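The block underneath contains the structure these notes are about, expressed in C-alpha cells.
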Amino acid sequence: MVYFIGAGPGDPELITLKGIKIIQACDVVIYAGSLVNKEILKYAKPKAEVYDSATMNLDEIIGLIVKSHKDGKDVARIHTGDPAIYGAIHEQIVRLKKENIDYEIIPGVSSFLAAASVLKKELTIPEITQTVIITRIGGRTVVPKEQELKDLSRHGATMAIFLSVQEIDRVVSELKKGYQENTPVAIVYKATWEDQVIVRGTLSDISQKVKSKGINKTAMILVGDFLKNIKAYSKLYDKEFSHSFRKKEDL
Ligand code: SAH
C-alpha cells in the first residue's frame, strides 16, 4: 500500500496520530524536502529506506514507489501541510492508478490553518466573512482566467494565498482591484517552525514591510477584515437570536 501523509505545517507535533503510526509501519519513506520537518523521520523504522524527494523528479519518485510496491514494501509518501492543497499528488495518483497500485491519503494541518492559529484568529466571522478563498498567483503554473486574484478579490472574503510571497508587489496590485487599501494583511513565514515570522500591515504597506524582512518563500498571505480587531459579538450569539434562528449545525 502507498500512503500519502500530510506532515502538517512544521511543528512535528502537528502531524496526526494516524500519520505517525503509518510512518512507523512503512518500509520506505519518501518525504518532500525542506518543508517537512525532519523530526518526523525519527518515527521511521531503523531499517526503513528514507528518501528526500526534493532531489528526485516525478519519474524517479514513481519508479521508486512502483519498485517498492512490487517488492511487497509499504510506502509512506510524506507531504507538507495537507496533501490535497498544492501537494502535487494528482500527478502521482494518475500514475499509481495506471500501475494498479492502491493508495490512501492521510490528511494533515494545512499551513493556512496553522497561520490562522498563530495569529490567534478565526477565518470565518459571522457578518464579516463566511468564505475562505484558497488560491495563489499565476506564474509558471497557470491559474484559470476566471480565477485570477483580481477577480477573486471582488468578494471581500477571507483569502489565503499560497506560493506567492516572492511576487508580493503583483499580489498586492491585483488585490487592490477588489479590496479597499486599508484591508488588513498578515504574512506568516514558516508558521509553527522555530524561525516563524509574522508581518502585519494593510494592502498599502505590507509589500514594503515583508520585503524589508527579506521574506520571499515559505509564507502564507492572509487577507481580509477577519484580521481587524473586531470587538463586537455578532447578533448570532445573542440568546434570543440563537433560540429562534440559529440552527444546530451552525454551533
Ligand atoms: N500542502 C501544503 C502546501 C504546499 S505548497 C499545505 O497544505 O500547507 C507550499 C506553500 O505552502 C508555500 O509556498 C507557502 O505558501 C505555504 N506553506 C507551507 N508551509 C508553510 C508554513 N509553515 N508557513 C507558512 N506557509 C507555508
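Here are some notes:
- Scanning the stretch 50-71 for residues that are away from the ligand (no atom under 16 Å from the Cβ) and under 17 Å from Trp193 (Cα atoms) turns up nothing.
- Residue list for the stretch 112-129, filter: assigned to a loop (DSSP other than H, G, I, E, B) and either within 16 Å of the ligand (Cβ to nearest atom) or without any contact (Cβ under 8 Å) to a residue 60 or more places away in the chain (or both): Lys120, Lys121, Leu123
- Scanning the stretch 198-212 for residues that are over 22 Å from Glu122 (Cβ atoms) and surrounded by fewer than 17 Cβ atoms within 10 Å (Cβ to Cβ) yields Ser204, Asp205, Gln208, Lys209, Lys211, Ser212.
- Cross-chain or 6+ apart pairs with Cβ under 9 Å, the stretch 136-155 first and in the same structural domain as Thr183 (by TED's automatic domain parsing), then among the hydrophobic types (A, V, I, L, M, F, W, C) and open to solvent by 50 Å² or more (accessible area, probe 1.4 Å): Arg136/Leu163; Ile137/Leu163; Gly139/Leu163; Thr141/Leu163
- For the stretch 171-195, the candidate set comprises residues that are away from the ligand (no atom under 16 Å from the Cβ) and among the basic types (Lys, Arg); within that set, the residue that is farthest from Ile230 (Cα to Cα) is Lys177.
- Of the candidates Val109, Val132, the single residue that is within 9 Å of the ligand (Cβ to nearest atom) and either in contact with a Leu (Cβ under 6 Å, 6 or more places away or on another chain) or not hydroxyl-bearing (Ser, Thr, Tyr) (or both) is Val109.
- Within the option set Val36, Val29, being away from the ligand (no atom under 13 Å from the Cβ), closer than 24 Å to Thr218 by Cβ and crowded, with 19+ Cβ neighbours inside 10 Å holds for one residue only, Val29.
- Count - residues of the stretch 156-189 that are without any contact (Cβ under 8 Å) to a residue 40 or more places away in the chain and buried (at least 23 other Cβ atoms within 10 Å of the Cβ): 2
- Of all the listed residues (Ile85, Ile78, Ile101), the sole one being part of a strand (DSSP E or B) and either touching a strand residue (DSSP E or B) at 6+ places or on another chain (Cβ under 9 Å) or modelled with pLDDT under 95 (or both) is Ile78.
- Any strands (runs of 3 or more DSSP E) falling wholly within the stretch 132-251 and containing at least 3 residues that are modelled with pLDDT of 95 or more and β-branched (Val, Ile, Thr): 132-136, 184-189, 197-202
- Selection within the stretch 1-24: residues that are out of contact with any strand residue (DSSP E or B) (no Cβ under 8 Å at 6 or more places or on another chain) and either open to solvent by less than 60 Å² (accessible area, probe 1.4 Å) or touching a residue at least 60 places away in the same chain (Cβ under 8 Å) (or both). The member of this set that is nearest to Val66 (Cα to Cα) is Ile20.
- Residues located in the stretch 102-131, provided they are among the aliphatic types (A, V, I, L, M) and within 22 Å of Ile20 (Cα to Cα): Ile105, Ile106, Val109, Leu113, Ala114
The values are calculated or read from the model by the stated rules, or taken from the named source; none is laboratory data. A quick note: this is a predicted structure, and the numbers were derived from the prediction, not measured. Note that we place each Cβ from the backbone using ideal geometry, even for glycine, and neighbour counts take in every protein chain shown. We work out accessible area using only protein heavy atoms, side chains counted, and drop any ligands, DNA or RNA first. Shrake-Rupley method; radii C 1.70, N 1.55, O 1.52, S 1.80 Å.
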